[in-house]
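Novice: One structure coming up, written as C-alpha coordinates, with questions to follow.
The values are calculated or read from the model by the stated rules, or taken from the named source; none is laboratory data. A quick note: this is a predicted structure, and the numbers were derived from the prediction, not measured. Heads up, the Cβs are rebuilt from the backbone with ideal geometry, glycines too, and the neighbour counts pull from every protein chain shown.
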Amino acid sequence: MYSAAKQTVKLAAVFLILTAATLHSQEPTAKPATVYFYHVRDTPGGWWVHPVVNHPYISVDSVYVQTIMGAQYFMIEVPAGHHILSASRGRTTESGIDLEPGKTYYIRISNHAMAVKVPWTFDPVTQEQAEREMIGSKQTFAKFTAP
(Lines give C-alpha, C1' and ligand atoms only; values in the text may rest on other atoms or scores of the structure.)
Protein backbone atom coordinates (compact mmCIF):
# COMPACT_ATOMS: atom_id res chain seq x y z
CA MET A 1 0.00 0.00 0.00
CA TYR A 2 2.88 2.32 0.73
CA SER A 3 4.25 1.90 -2.83
CA ALA A 4 0.79 2.57 -4.36
CA ALA A 5 0.49 5.82 -2.38
CA LYS A 6 4.03 6.75 -3.35
CA GLN A 7 3.24 6.13 -7.04
CA THR A 8 0.05 8.23 -6.79
CA VAL A 9 2.01 11.11 -5.29
CA LYS A 10 4.60 10.83 -8.10
CA LEU A 11 1.86 10.89 -10.77
CA ALA A 12 0.21 13.88 -9.12
CA ALA A 13 3.55 15.71 -9.01
CA VAL A 14 4.19 15.00 -12.71
CA PHE A 15 0.66 16.20 -13.54
CA LEU A 16 1.20 19.44 -11.59
CA ILE A 17 4.57 20.08 -13.25
CA LEU A 18 3.11 19.52 -16.74
CA THR A 19 0.12 21.75 -15.97
CA ALA A 20 2.36 24.53 -14.65
CA ALA A 21 4.63 24.30 -17.71
CA THR A 22 1.63 24.50 -20.03
CA LEU A 23 0.19 27.53 -18.23
CA HIS A 24 3.57 29.24 -18.18
CA SER A 25 4.06 28.75 -21.95
CA GLN A 26 0.74 30.46 -22.68
CA GLU A 27 2.01 34.04 -22.36
CA PRO A 28 -0.74 36.61 -21.97
CA THR A 29 -1.24 38.75 -25.05
CA ALA A 30 0.38 42.16 -24.68
CA LYS A 31 -2.04 45.05 -24.39
CA PRO A 32 -2.24 46.98 -27.68
CA ALA A 33 -1.21 50.60 -28.09
CA THR A 34 -3.95 53.18 -28.69
CA VAL A 35 -3.29 55.60 -31.55
CA TYR A 36 -5.30 58.74 -32.31
CA PHE A 37 -4.92 60.20 -35.81
CA TYR A 38 -6.26 63.69 -36.48
CA HIS A 39 -6.27 66.49 -39.02
CA VAL A 40 -7.16 70.00 -37.89
CA ARG A 41 -9.06 72.65 -39.77
CA ASP A 42 -6.42 75.34 -39.10
CA THR A 43 -3.49 73.27 -40.41
CA PRO A 44 -1.97 74.76 -43.56
CA GLY A 45 -3.22 72.41 -46.24
CA GLY A 46 -6.43 71.86 -44.25
CA TRP A 47 -9.72 70.85 -45.82
CA TRP A 48 -10.62 74.43 -46.79
CA VAL A 49 -7.70 74.70 -49.23
CA HIS A 50 -8.66 71.88 -51.57
CA PRO A 51 -11.08 69.30 -50.18
CA VAL A 52 -10.25 66.52 -52.64
CA VAL A 53 -6.49 66.83 -52.18
CA ASN A 54 -6.71 66.98 -48.40
CA HIS A 55 -8.58 63.78 -47.64
CA PRO A 56 -5.69 61.36 -47.13
CA TYR A 57 -6.15 57.61 -47.00
CA ILE A 58 -4.53 56.40 -43.78
CA SER A 59 -2.99 52.93 -43.62
CA VAL A 60 -1.01 50.99 -41.03
CA ASP A 61 1.35 48.28 -42.30
CA SER A 62 -0.23 48.60 -45.78
CA VAL A 63 -3.73 47.94 -44.38
CA TYR A 64 -6.23 50.72 -45.16
CA VAL A 65 -7.76 52.10 -41.96
CA GLN A 66 -9.66 55.31 -42.73
CA THR A 67 -9.92 58.39 -44.92
CA ILE A 68 -9.64 61.50 -42.80
CA MET A 69 -11.55 64.53 -44.06
CA GLY A 70 -11.34 68.04 -42.70
CA ALA A 71 -11.27 68.46 -38.97
CA GLN A 72 -11.67 64.81 -38.02
CA TYR A 73 -10.03 62.25 -35.82
CA PHE A 74 -10.19 58.53 -35.22
CA MET A 75 -8.69 56.08 -32.76
CA ILE A 76 -7.45 52.55 -33.38
CA GLU A 77 -5.75 49.89 -31.30
CA VAL A 78 -2.53 48.54 -32.78
CA PRO A 79 -0.35 45.68 -31.48
CA ALA A 80 2.85 46.84 -29.82
CA GLY A 81 5.98 46.89 -31.98
CA HIS A 82 7.27 48.61 -35.09
CA HIS A 83 4.69 49.73 -37.67
CA ILE A 84 4.63 51.71 -40.91
CA LEU A 85 2.08 54.53 -41.13
CA SER A 86 1.13 55.82 -44.55
CA ALA A 87 -1.01 58.64 -45.91
CA SER A 88 -1.84 58.85 -49.57
CA ARG A 89 -3.74 61.21 -51.79
CA GLY A 90 -1.79 62.25 -54.86
CA ARG A 91 1.42 61.07 -53.21
CA THR A 92 2.12 58.48 -50.53
CA THR A 93 4.10 59.30 -47.41
CA GLU A 94 5.34 56.59 -45.06
CA SER A 95 6.71 56.91 -41.56
CA GLY A 96 7.86 54.29 -39.06
CA ILE A 97 6.70 54.26 -35.46
CA ASP A 98 7.53 52.06 -32.48
CA LEU A 99 4.53 51.47 -30.23
CA GLU A 100 4.69 50.30 -26.63
CA PRO A 101 2.00 48.08 -25.08
CA GLY A 102 -0.77 50.00 -23.35
CA LYS A 103 0.58 53.43 -24.30
CA THR A 104 -1.53 56.09 -26.07
CA TYR A 105 -0.19 58.08 -29.02
CA TYR A 106 -1.53 61.20 -30.76
CA ILE A 107 -0.56 61.74 -34.40
CA ARG A 108 -1.40 64.97 -36.26
CA ILE A 109 -1.58 64.51 -40.03
CA SER A 110 -0.56 67.57 -42.04
CA ASN A 111 0.20 68.68 -45.59
CA HIS A 112 2.01 71.96 -45.07
CA ALA A 113 2.39 73.03 -48.68
CA MET A 114 -1.26 72.83 -49.72
CA ALA A 115 -0.46 70.78 -52.82
CA VAL A 116 -1.06 67.31 -54.21
CA LYS A 117 2.60 66.47 -54.76
CA VAL A 118 3.85 67.49 -51.31
CA PRO A 119 4.15 64.69 -48.77
CA TRP A 120 1.98 64.36 -45.71
CA THR A 121 3.61 64.49 -42.31
CA PHE A 122 2.85 62.43 -39.23
CA ASP A 123 3.58 64.66 -36.25
CA PRO A 124 3.53 62.95 -32.83
CA VAL A 125 2.15 65.41 -30.28
CA THR A 126 1.36 65.39 -26.58
CA GLN A 127 -2.10 64.54 -25.30
CA GLU A 128 -2.57 68.15 -24.16
CA GLN A 129 -1.72 69.56 -27.59
CA ALA A 130 -3.95 67.02 -29.35
CA GLU A 131 -6.89 67.79 -27.07
CA ARG A 132 -6.53 71.54 -27.75
CA GLU A 133 -6.25 71.06 -31.51
CA MET A 134 -9.07 68.52 -31.74
CA ILE A 135 -11.69 70.80 -30.14
CA GLY A 136 -14.63 70.92 -32.53
CA SER A 137 -13.30 68.01 -34.61
CA LYS A 138 -15.62 65.20 -35.63
CA GLN A 139 -14.82 61.68 -34.48
CA THR A 140 -15.01 58.98 -37.11
CA PHE A 141 -14.81 55.27 -36.38
CA ALA A 142 -12.17 52.93 -37.68
CA LYS A 143 -10.93 49.45 -36.99
CA PHE A 144 -7.48 48.05 -37.63
CA THR A 145 -6.79 44.36 -38.07
CA ALA A 146 -3.10 43.57 -38.14
CA PRO A 147 -1.90 41.65 -41.22
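Novice: Examine the stretch 11-29 for a residue that is within 21 Å of Lys138 (Cα to Cα), at pLDDT below 80 and surrounded by fewer than 19 Cβ atoms within 10 Å (Cβ to Cβ), and state whether such a residue exists.
Specialist: Within the stretch 11-29, not a single residue is within 21 Å of Lys138 (Cα to Cα), at pLDDT below 80 and surrounded by fewer than 19 Cβ atoms within 10 Å (Cβ to Cβ).
Novice: Do you know which of the residues in the stretch 90-147 that are surrounded by 16 or more Cβ atoms within 10 Å (Cβ to Cβ) and in contact with a helix residue (DSSP H, G or I) (Cβ under 8 Å, 6 or more places away or on another chain) is modelled with the lowest pLDDT?
Specialist: Looking at residues that are surrounded by 16 or more Cβ atoms within 10 Å (Cβ to Cβ) and in contact with a helix residue (DSSP H, G or I) (Cβ under 8 Å, 6 or more places away or on another chain), I get Arg108.
Novice: Within the stretch 94-113, which residues are among the hydrophobic types (A, V, I, L, M, F, W, C) and out of contact with any His (no Cβ under 8 Å at 6 or more places or on another chain)?
Specialist: The first filter runs over the stretch 94-113 and keeps only residues among the hydrophobic types (A, V, I, L, M, F, W, C), leaving 97, 99, 107, 109, 113.
Hits for the stretch 94-113 are Ile107, Ala113.
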